[in-house]
Protein chains: 2
Amino acid sequence: MDPEGLDLDLDLELVVGGRPVRYPAVWLRDNCPCPECLAPGTGQKLTDITGIPNGLAIARTEDAGESVLVTFAPDQHRSAFSRSWLVEHALGDGADGDGRTEDDKELWLPADLDAGLPAMSWRGYLAGGKAEALEAVLRLGFVLLRDVPAEPGMVLEVAASFGYVRETNYGRLFDVRVEPAPGNLAFTSRAIRPHTDNPYRDPAPTVQLLHCLRAAGEGGDTGLVDGFAAAAELRATDAESFDTLARMPIPFGYIDKETELRASLPLIQLSPRGRVRGVRFNNRSMRPLRRPYAEVIAFYTAYRRWAALLARPERQLSLRLAPGDCLVFDNTRVLHARTAFSMSAGERRRHLQGCYADLDGLASTLAVLTREESR
Amino acid sequence: MDPEGLDLDLDLELVVGGRPVRYPAVWLRDNCPCPECLAPGTGQKLTDITGIPNGLAIARTEDAGESVLVTFAPDQHRSAFSRSWLVEHALGDGADGDGRTEDDKELWLPADLDAGLPAMSWRGYLAGGKAEALEAVLRLGFVLLRDVPAEPGMVLEVAASFGYVRETNYGRLFDVRVEPAPGNLAFTSRAIRPHTDNPYRDPAPTVQLLHCLRAAGEGGDTGLVDGFAAAAELRATDAESFDTLARMPIPFGYIDKETELRASLPLIQLSPRGRVRGVRFNNRSMRPLRRPYAEVIAFYTAYRRWAALLARPERQLSLRLAPGDCLVFDNTRVLHARTAFSMSAGERRRHLQGCYADLDGLASTLAVLTREESR
């Protein structure tokens, strides 16, 4: 849209790109950029919506070249809006707007990634590749960083490079290796089916990192599934199951000596406009569903179909993490899994380190990098 | 309900408290407690819902005193369910189940708290009062801890006593005092209207702490508003506005040199069953709403009524934090505010320190304490 294409009318109906756009008086007033209304420096609003006078209206508009001057009745408050700002913020049928729903993602099957995984070396990441890597996490749900020094604690440095570590009962970082008395099946050599982490937490961590320090002799391969792509397929092929999973809160829990976490949220979380905004799936930590008989049957029917769809081999991207590999993925979208692994005597034992972080901080880092690049 | 009141039927229809309760075969199988299905020690499920055989049915049930033995067709898997467990987990019209909606809260007006604020000394908190304080945060939305040593950094110790600090772009802790070039109006001496923190973050921090190191000479009083109580009133008096606010994602943003956060979520967040589960409200950081004209008008109508309702003096609990006072509150529910304060020359300057944490960790700590107390 071209700022030059603006025409002014008494009601502040502007013609934008040949189409009339109305700006409500209350909207204009609430977005007034004058230093009484918007704090210079912080860009934060100083006004409160209840302070806008009753009977607000536009008394007068004036064309001032690059700007439109608006005088409001009844208090004669004056605001200057730049034409380019008005064009950029024209009312319309905007999406959910913060990049978190399926509408702002590129959904994938492993076959779609044949051209190459979103991956780069740690050296490349530090030397200007960071924006590309973070963009991949937001768009595809993951990135693989290679040759991150296979040293304990490095996973925290990776997280700190784009955001803030979310400490949990598992610590700031956790070791994924076989433990003698595991509190979680992750800390055994068993296969783990595709799942999201910490569904018993609210807010659940939205980013997970897994950094390989030592690979297993055999097995221990990592699998990734695009939960948003799978949800789109479920909606297309079995709308009733999709609706059931989006509607019913399902209880999850985790208990050990020092911890007792529980949360009850749907397996598929929708935006208010009905778009997929998150998945949570974890067979290990689901707790008994205490709903009426018919609802329970509806849930199990949907859950079983959803689980089968998520487990389809063609949905599972298989990776074998080598020492130094660090996966960064969107825990609201991408499910992860691993195959069982060997524990032969004398063999070096598989050892990953993981930590959690959040998407908002990651997106902020990307936005700042992009702003700097576009200067 | 009394475990003795159970009667066994071939379909595993049990009579619980004189009322028949049916347990679906798939539900029973998914909750089988045998060591093949549930990992001893971790209590995590080893089974996957897709592994349950097609044509699952209950082949046989046997009464075994305290337990019911169930044999499943077609694979003859056997499960023993204790009667008390079955009673405790009977199907029914359970609530959302994790304590986070209005149904599990005690809503308040300041007048309701006349009998006394939820408050205790830091010494009392450490000497056995912690469970009571945390319970107050979950039930009423806040607790006031008094005589927390007025030393920098103590707010992090308070947070660590029940959960995990959520680090953000403001740091692990932030200083709330007048700054020469503030990036946020919080860091001025201005009045700040009732708001929740960080609506531009997703996930937003769910717990906030504010610890007073120095009070202002005049002003700087703290206000708290129960957002869930206010939302219940809005629903009762203006259902249309309530629905608008629960349905429309509203963009929030925060920008400074190193940060560019945005999130778009409704001002009132509902559970899938339509119960209030969170509020976000912050006049300072709302961004221009880019929706069609009629929706924008509907939003501003609702928003203005909601803001007026939240600002009513009878909803606002006023506190004057003294040095050593530390407020811990639910940032998904309780809005906080402050009055403007004096900055007279020679006067000691108001100084709070704050940090964020999360409700899930707080609830976990309370659950573990309660478990220990009930031993």
Legend entry - Qualifying positions in the stretch B:307-322 - more than 10 Å from chain A (Cβ to nearest Cβ) and in contact with a Ser or Thr (Cβ under 8 Å, 6 or more places away or on another chain): B:S318, B:L319, B:R320, B:L321
Legend entry - Yes/no for B:V148 being farther than 30 Å from A:M286 by Cβ, surrounded by 14 or more Cβ atoms within 10 Å (Cβ to Cβ) and modelled with pLDDT of 95 or more: yes
Inset, instruction - Collect the residues in the stretch A:35-60 that are within 34 Å of the chain's Cα centre (by Cα), under 21 Å from B:G183 (Cβ atoms) and of a type outside the set (A, V, I, L, M), keeping them in residue-number order. - result: A:C37, A:P40, A:G41, A:T42, A:G43, A:Q44, A:K45, A:T47, A:D48
Inset, instruction - Using the structure shown, decide if A:N198 is at positive phi and within 10 Å of chain B (Cβ to nearest Cβ). - result: yes
Legend entry - Subset of the stretch A:163-181 that is touching a Gly at 6+ places or on another chain (Cβ under 7 Å) and at pLDDT below 95 - its residue that is nearest to the other protein chains (Cβ to nearest Cβ): A:A181
Inset, instruction - Might you check whether a residue that is within 20 Å of A:V148 (Cβ to Cβ), in contact with a helix residue (DSSP H, G or I) (Cβ under 6 Å, 6 or more places away or on another chain) and assigned to a loop (DSSP other than H, G, I, E, B) occurs anywhere in the stretch A:196-203? - result: no
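Going by the conditions given, is B:R304 assigned to a helix (DSSP H, G or I), in contact with a strand residue (DSSP E or B) (Cβ under 6 Å, 6 or more places away or on another chain) and facing chain A (nearest Cβ under 10 Å)?
Taking the combined requirement at face value, the residue does not satisfy it.
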Inset, instruction - Would you check if B:L352 is in a strand (DSSP E or B) and surrounded by 21 or more Cβ atoms within 10 Å (Cβ to Cβ)? - result: yes
Legend entry - Answer from B:D202, B:D197, B:D243 - the residue that is free of Cβ contacts under 8 Å to residues at least 40 places away in the same chain and within 24 Å of the chain's Cα centre (by Cα): B:D243
Inset, instruction - From (1) in contact (Cβ under 8 Å) with a residue 24 or more places away in the chain; (2) surrounded by fewer than 21 Cβ atoms within 10 Å (Cβ to Cβ); (3) touching a helix residue (DSSP H, G or I) at 6+ places or on another chain (Cβ under 8 Å), pick out the condition that doesn't hold for B:G163. - result: (2)
Legend entry - the stretch B:339-349, residues that are out of contact with any Gly (no Cβ under 6 Å at 6 or more places or on another chain) and either within 13 Å of chain A (Cβ to nearest Cβ) or crowded, with 20+ Cβ neighbours inside 10 Å (or both): none
Inset, instruction - Report, by residue number, each residue of the stretch B:101-131 that is more than 14 Å from chain A (Cβ to nearest Cβ), charged (D, E, K, R) and more than 22 Å from B:S374 (Cβ to Cβ). - result: B:E102, B:K105, B:D112, B:D114, B:R123
Inset, instruction - Please determine, by comparing only the residues of the stretch A:234-288 that are facing chain B (nearest Cβ under 7 Å) and in contact with a His (Cβ under 9 Å, 6 or more places away or on another chain), which one is nearest to A:N169 (Cα to Cα). - result: A:S285
Inset, instruction - Determine if the stretch A:113-130 includes at least one residue that is buried (at least 20 other Cβ atoms within 10 Å of the Cβ) and within 16 Å of the chain's Cα centre (by Cα). - result: no
Legend entry - Filter result for the condition that a residue is more than 10 Å from every other protein chain (Cβ to nearest Cβ) and touching a Cys at 6+ places or on another chain (Cβ under 7 Å), over A:D325, A:D330: A:D325
Inset, instruction - Pull up the stretch B:289-299, narrow it to residues that are more than 8 Å from chain A (Cβ to nearest Cβ) and surrounded by fewer than 20 Cβ atoms within 10 Å (Cβ to Cβ), then point me to the one that is farthest from the chain's Cα centre (by Cα). - result: B:A294
Inset, instruction - Check whether at least one residue in the stretch A:169-189 is surrounded by 23 or more Cβ atoms within 10 Å (Cβ to Cβ), touching a Pro at 6+ places or on another chain (Cβ under 9 Å) and not aliphatic (A, V, I, L, M), and report yes or no. - result: no
Legend entry - Subset of the stretch A:76-100 [over 17 Å from B:P251 (Cα atoms) and at pLDDT below 90]: A:V87
Inset, instruction - Return the total of residues in the stretch B:96-119 being in contact (Cβ under 8 Å) with a residue 24 or more places away in the chain, small (G, A, S) and within 30 Å of B:E13 (Cβ to Cβ). - result: 0
Inset, instruction - Go through the stretch B:331-349 residue by residue and tally those that are assigned to a loop (DSSP other than H, G, I, E, B) and at pLDDT 95 or above. - result: 3
Inset, instruction - Within the stretch A:61-100, count every residue that is within 13 Å of chain B (Cβ to nearest Cβ) and surrounded by fewer than 14 Cβ atoms within 10 Å (Cβ to Cβ). - result: 3
Inset, instruction - For the stretch A:144-162, indicate whether the set of residues that are in a loop (DSSP other than H, G, I, E, B), within 13 Å of chain B (Cβ to nearest Cβ) and closer than 28 Å to A:T365 by Cβ is non-empty. - result: yes
Legend entry - Qualifying position, being outside any loop (DSSP other than H, G, I, E, B) and free of Cβ contacts under 8 Å to residues at least 40 places away in the same chain, among B:V328, B:V368: B:V368
Inset, instruction - State yes or no: is A:E260 of a type in the set (D, E) and modelled with pLDDT under 95? - result: no
Inset, instruction - Can you give me the ranges of the strands (runs of 3 or more DSSP E) entirely in the stretch B:19-78 with at least 1 residues that are in contact with a strand residue (DSSP E or B) (Cβ under 8 Å, 6 or more places away or on another chain) and of a type in the set (F, W, Y)? - result: B:67-73
Inset, instruction - Could you pull out the residue among A:S342, A:S318, A:S264 that is closer than 30 Å to A:E151 by Cβ, among the polar types (S, T, N, Q) and under 23 Å from the mean Cα position of the chain (by Cα)? - result: A:S318
Legend entry - B:A229, sole failed condition from (1) within 14 Å of another protein chain (Cβ to nearest Cβ); (2) crowded, with 18+ Cβ neighbours inside 10 Å: (1)
Legend entry - Restricting the stretch B:354-375 to residues that are more than 8 Å from chain A (Cβ to nearest Cβ) and either among the polar types (S, T, N, Q) or in contact with a His (Cβ under 9 Å, 6 or more places away or on another chain) (or both), the residue that is nearest to B:T222 (Cα to Cα): B:G354
Inset, instruction - Within the stretch B:33-44, count every residue that is in contact (Cβ under 8 Å) with a residue 12 or more places away in the chain and either surrounded by 18 or more Cβ atoms within 10 Å (Cβ to Cβ) or at positive phi (or both). - result: 0
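The values are calculated or read from the model by the stated rules, or taken from the named source; none is laboratory data. Note that the structure is predicted; figures quoted are calculated from it, not measured. Note that we place each Cβ from the backbone using ideal geometry, even for glycine, and neighbour counts take in every protein chain shown.
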